[in-house]
Structures are given as C-alpha cells and as structure tokens.
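The values are calculated or read from the model by the stated rules, or taken from the named source; none is laboratory data. Predicted, not measured: the structure shown is a model, and the values here were computed from it. Positions of Cβ are backbone-derived with ideal geometry, glycine not excepted, and every protein chain shown enters the neighbour counts. Just the protein is used for accessible areas: all its heavy atoms, side chains included, with ligands, DNA and RNA removed. Shrake-Rupley method; radii C 1.70, N 1.55, O 1.52, S 1.80 Å.
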Amino acid sequence: MNVRLLKAGGKPPMELLLLADPSQSMVEAYIDKGECFVAEEDDQVVGVYVLMSSGSETVEIINLAVAEEHQGKGFGRALLMDAIQQAKRQGYKTIEIGTGNSSIGQLALYQKCGFRITSIDRDFFIRHYEEKIYENGIQCMDMVRLSQAL
Ligand code: COA
C-alpha cells in the first residue's frame, strides 16, 4: 500500500469519504481545510484519511475509510498507523479521532492502535444529522472522542 498526499486541486475520493461521513455537505465543508491522504494498492484507490489541525499542537483524523471490497484486510489499521506517523512528523503532540457510540468495530480498532477515550459529546449525531443512524442494532447518538499522545 502506498499513501500519498492529495495535491491542492486534486480530486478527493468522495465515494470513500462518504463511507465514513454520510453528510456530503459536511465533507465538502472540511475537505479543503484539511490534508487528504490517499492510499493506493496496484494503482487502485483502497483508502483515504483526512488530517485537520485543531490547534498548534493537536491534529484530528476527521475522516478515515477503506473501500468496502478491501475492508477487513488490514488497510484500516495501516492507514491509522500512517496517520499517527504523519502527525508525528508534522510536529503535533496529540492526535484525536471521534466516532459514534454505535461504531463498535471502529472503537475496537482505535483502542487497538493506542487511542483512549477522552470525552463524549452527547446527542452530537442528533444535533448534526437529520436522519436517524443505526449500526449494530444501536442508535448512533453520541460522539465518542479518543486521543493519544504522539
Ligand atoms: N471487535 C473487535 N475488534 C474488531 C471489531 C469488533 N467488533 N471490528 C473490527 N475489529 C478489529 C479487527 O479485528 C482488526 O483488528 P486487528 O488489526 O487487530 O486484526 C481491526 O479492528 C480493523 O481491521 P482492518 O482490516 O485494518 O480494518 P479495515 O481495513 O476494514 O478498516 C474501517 C476499518 C473502519 C476504516 C473500515 O471498516 C471503513 O472504512 N468503514 C466505513 C467508514 C468508517 O466507518 N470510518 C470510520 C469513521 S469514524
């Protein structure tokens, strides 16, 4: 897997970004403000992550997605580790990521990669999304924020 920074003016892989964030308007609002990294394998785009500075010492992974047909093969973990290394290289001291209370697999993956829960933004998904979201039989209501020191 090769990971590269999407150049200014490059076309972000919107289909992939929408896997992680169902709101196209939210994705469009942040995509130009962050750095979009695209992962390729055999000339195919397999994944994406977006880093956005949230202070001089803190950076947030605001989007992370692997193409459905390539999920479960270790690309998600590899992308997350790449994002952590990238943030370190850029001199940040803390990296953050957020996910829904119903995203059981993501909560497992992030904790396996060293993230710890720092706070819960209750009703975040009720305030920001018009449609109700269900995953794993659980309504997605609260944003679970995790972070790790770099
Ligand atoms: N319980 C325990 N561990 C679980 C789990 C569960 N329910 N679900 C997943 N995992 C673990 C896997 O076992 C694996 O652990 P390992 O590396 O120790 O074997 C790890 O989580 C993920 O495996 P990986 O193959 O690297 O993940 P992936 O390539 O499928 O990518 C996502 C993970 C989340 C990026 C991918 O599923 C995706 O794009 N989902 C849609 C978009 C999304 O939800 N993005 C995150 C927004 S918050």
Can you tell me which residue among 43, 32 is away from the ligand (no atom under 16 Å from the Cβ) and on the phi > 0 side of the Ramachandran plot?
43
Quick check: is even one residue across segment 48-65 out of contact with any Pro (no Cβ under 8 Å at 6 or more places or on another chain), over 13 Å from residue 13 (Cβ atoms) and part of a helix (DSSP H, G or I)?
no
When you check residue 27 against the structure, is it part of a helix (DSSP H, G or I) and farther than 15 Å from residue 106 by Cβ, yes or no?
yes
Exactly one of 27, 66, 38, 46 is at pLDDT below 95 and open to solvent by less than 20 Å² (accessible area, probe 1.4 Å), and that residue is 27
Can residue 135 be described as free of Cβ contacts under 8 Å to residues at least 12 places away in the same chain, open to solvent by 30 Å² or more (accessible area, probe 1.4 Å) and not hydroxyl-bearing (Ser, Thr, Tyr)?
no
Tell me which of these residue 81 doesn't satisfy, since it passes every other one: (1) away from the ligand (no atom under 14 Å from the Cβ); (2) open to solvent by 50 Å² or more (accessible area, probe 1.4 Å).
(1)
Would you check if there is a residue in segment 52-62 being open to solvent by less than 20 Å² (accessible area, probe 1.4 Å) and not β-branched (Val, Ile, Thr)?
no
Within segment 48-57, can you find the residues that are under 15 Å from the mean Cα position of the chain (by Cα) and free of Cβ contacts under 8 Å to residues at least 40 places away in the same chain?
48, 49, 50, 51, 52, 53
Six or more apart or on different chains, Cβ atoms under 9 Å: show the pairs whose first residue is in segment 34-46 and more than 14 Å from residue 11 (Cα to Cα) and whose second is of a type in the set (S, T, N, Q).
40/2; 41/2
Criterion (touching a strand residue (DSSP E or B) at 6+ places or on another chain (Cβ under 9 Å), touching a residue at least 40 places away in the same chain (Cβ under 8 Å) and either under 28 Å from residue 135 (Cα atoms) or aromatic (Phe, Trp, Tyr) (or both)) met by exactly one of 94, 99:
99
Which residue is farthest from the chain's Cα centre (by Cα), if the candidates are limited to segment 69-78 and must be in contact (Cβ under 8 Å) with a residue 24 or more places away in the chain and open to solvent by 20 Å² or more (accessible area, probe 1.4 Å)?
70
Residue under evaluation residue 69, criteria (1) part of a helix (DSSP H, G or I); (2) over 25 Å from residue 149 (Cβ atoms); (3) of a type in the set (D, E, K, R); (4) more than 12 Å from the ligand (Cβ to nearest atom), criterion not met:
(4)
